[in-house]
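K.L.:
Here it is: the structure, laid out below.
The values are calculated or read from the model by the stated rules, or taken from the named source; none is laboratory data. Model, not experiment: these values are computed from the prediction. Neighbour counts are summed over all protein chains in view; Cβ atoms, including those assigned to glycine, are modelled from backbone coordinates with ideal geometry. Protein only, heavy atoms only, side chains kept; ligands, DNA and RNA dropped before computing areas. Shrake-Rupley method; radii C 1.70, N 1.55, O 1.52, S 1.80 Å.
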Amino acid sequence: MTTSAVIQPCSSDTYAHQALALIAQHRLLATTQLHQLLMPHTPPGKVHKVLGPLRAAGLIAHTVLGGRSGLHAHFLTPAGIQTVSDWPELRGRNADLITSPTAAALRAAHALTGVRAHLAFLADARTRNDEYQPLDWTPEVTHRLPDTGGEDRLVADAVFHYTSVHPRRLHYRAFVEIDRTTMSSERLARKLITYARLYDYTPQQAGRRQTVADQAATFAWQRFYPRFPRVLFILTGSSRIRLTNRIADLRRMTSDHELVTRFAARVPLGAAVLEDLEQDGPSAAVWTPLAGTAEPRGWMQL
């Protein structure tokens, strides 16, 4: 007796589904970036065949960025946000409502610079055959600090999860800070204090005084990470000498501030120039450690 073959539904998502998920995750994506994330081995024009129906359905809109290229950056409409609201790959993430093309253009510089950094890691992972996917980079991750009703927060520009498979399987996590030299060097360096505070922060339980043993097991970050993520500063937007000076200021904060010094003894910290990541790859010796010797190394060797 012959049994008819059972036809199973496809388990892979369509390009349209993936495109919506990526735009929701990253808030704003340029057409060229979406092509690199979604279908890097296809002709660039193919991504327009994915975006066109999504735009016609009212799920995405775009803004035109400055310059001669007329580059489009895409964001979700309210209908698009509603569509992705219960997708499992976006669980725990609330897609931001960008109200207009003007609002999108005003936040494009920072958002798209972060995507550039993500793409550098993604291209490097693809070359190395490591496990790192377009949704493994999560922008704007917030953690509360002391119990102040949520008024005191750390907002990382991104958190990413990465698995290296050669020569052995290792899992990495990192907080990412994108510096476009739009703030003072001192203010940038002060972010290290905030990360050090998060590392030591233990929430207080109402009506109970914690013991030392309790505190060792209940650091706030352990609710989210098995190991505290390394902290990576990625700099761009100015001359090489100015970026080098800002990295030196980060190293000085690490050595001069007692809390940060203790933090740096336990958590890898590094800084690199975005253009170096794009040219040589993040695994190349382009990272300056923020503690100890300043000899450049790859981000996994910090």
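K.L.:
Could you say which residue among 155, 141, 115 is of a type in the set (A, V, I, L, M) and either modelled with pLDDT of 95 or more or assigned to a loop (DSSP other than H, G, I, E, B) (or both)?
P.N.:
115
K.L.:
Quick one: which residue in 63, 83 is in contact with a Pro (Cβ under 7 Å, 6 or more places away or on another chain) and polar (S, T, N, Q)?
P.N.:
Checking each option against the conditions leaves just 63.
K.L.:
Report yes if residue 119 is aliphatic (A, V, I, L, M), open to solvent by less than 30 Å² (accessible area, probe 1.4 Å) and either in contact with a helix residue (DSSP H, G or I) (Cβ under 7 Å, 6 or more places away or on another chain) or over 15 Å from residue 232 (Cα atoms) (or both), otherwise no.
P.N.:
yes
K.L.:
Specify the residue that is surrounded by the most Cβ atoms within 10 Å (Cβ to Cβ); the eligible residues are those in region 103-116 that are of a type in the set (Gly, Ala, Ser) and either touching a helix residue (DSSP H, G or I) at 6+ places or on another chain (Cβ under 6 Å) or touching a residue at least 24 places away in the same chain (Cβ under 8 Å) (or both). Full working, then the answer.
P.N.:
The first filter runs over region 103-116 and keeps only residues of a type in the set (Gly, Ala, Ser), leaving 103-105, 108-109, 111, 114.
Then drop every residue that is not either touching a helix residue (DSSP H, G or I) at 6+ places or on another chain (Cβ under 6 Å) or touching a residue at least 24 places away in the same chain (Cβ under 8 Å) (or both), which leaves 104-105, 108-109, 111, 114.
Values: 104: 21, 105: 16, 108: 19, 109: 14, 111: 22, 114: 24.
It comes out as 114.
K.L.:
Shifting gears a bit: Does region 75-82 contain any residue that is free of Cβ contacts under 8 Å to residues at least 24 places away in the same chain, under 23 Å from the mean Cα position of the chain (by Cα) and within 25 Å of residue 141 (Cα to Cα)? Steps first, please.
P.N.:
Our first condition is that a residue be free of Cβ contacts under 8 Å to residues at least 24 places away in the same chain; within region 75-82, this holds for 77-79, 82.
Those left that are additionally under 23 Å from the mean Cα position of the chain (by Cα): 77.
Among the residues that remain, those that are also within 25 Å of residue 141 (Cα to Cα) are: 77.
So far as region 75-82 goes, yes, one or more of its residues are free of Cβ contacts under 8 Å to residues at least 24 places away in the same chain, under 23 Å from the mean Cα position of the chain (by Cα) and within 25 Å of residue 141 (Cα to Cα).
K.L.:
Still on this structure, I have one more. Inside region 55-105, can you point out the residues that are part of a helix (DSSP H, G or I), more than 13 Å from residue 27 (Cα to Cα) and of a type in the set (Val, Ile, Thr)?
P.N.:
Scanning region 55-105 gives 83, 102.
K.L.:
Those residues that are in a loop (DSSP other than H, G, I, E, B) and open to solvent by less than 70 Å² (accessible area, probe 1.4 Å), I need them from region 31-54; list them, please.
P.N.:
39, 40, 42, 45
K.L.:
Take residue 93 and decide whether it is open to solvent by 40 Å² or more (accessible area, probe 1.4 Å), modelled with pLDDT under 95, among the charged types (D, E, K, R) and under 20 Å from the mean Cα position of the chain (by Cα).
P.N.:
Judged against the criteria, residue 93 is a match.
K.L.:
Any residue at all in region 142-157 that's open to solvent by 70 Å² or more (accessible area, probe 1.4 Å), touching a residue at least 60 places away in the same chain (Cβ under 8 Å) and not aromatic (Phe, Trp, Tyr)?
P.N.:
yes
K.L.:
Right, something else. Could you list, in sequence order, the residues of region 245-302 that are closer than 22 Å to residue 187 by Cα and of a type in the set (S, T, N, Q)?
P.N.:
Once the filter is applied, which keeps residues that are closer than 22 Å to residue 187 by Cα and of a type in the set (S, T, N, Q), region 245-302 yields 245, 254, 255, 261, 288.
K.L.:
Residues of region 122-139 being aliphatic (A, V, I, L, M) and open to solvent by 30 Å² or more (accessible area, probe 1.4 Å), which ones?
P.N.:
123, 135 - these are the residues of region 122-139 that are aliphatic (A, V, I, L, M) and open to solvent by 30 Å² or more (accessible area, probe 1.4 Å).
K.L.:
While we're looking at this one, here's another question. Could you look through region 252-299, keep only residues that are in a strand (DSSP E or B) and not charged (D, E, K, R), and pick out the one that is surrounded by the most Cβ atoms within 10 Å (Cβ to Cβ)?
P.N.:
287
K.L.:
Would a scan of region 221-236 turn up a residue that is over 30 Å from residue 133 (Cα atoms), modelled with pLDDT of 95 or more, open to solvent by less than 20 Å² (accessible area, probe 1.4 Å) and touching a strand residue (DSSP E or B) at 6+ places or on another chain (Cβ under 7 Å)?
P.N.:
No, the conditions are met nowhere in region 221-236.
K.L.:
Which members of region 61-77 meet the condition of being more than 17 Å from residue 112 (Cα to Cα) and surrounded by 12 or more Cβ atoms within 10 Å (Cβ to Cβ)? Steps first, answer last, please.
P.N.:
In the first step, residues of region 61-77 are kept if they are more than 17 Å from residue 112 (Cα to Cα); the result is 68, 77.
Matches in region 61-77: 77 only.
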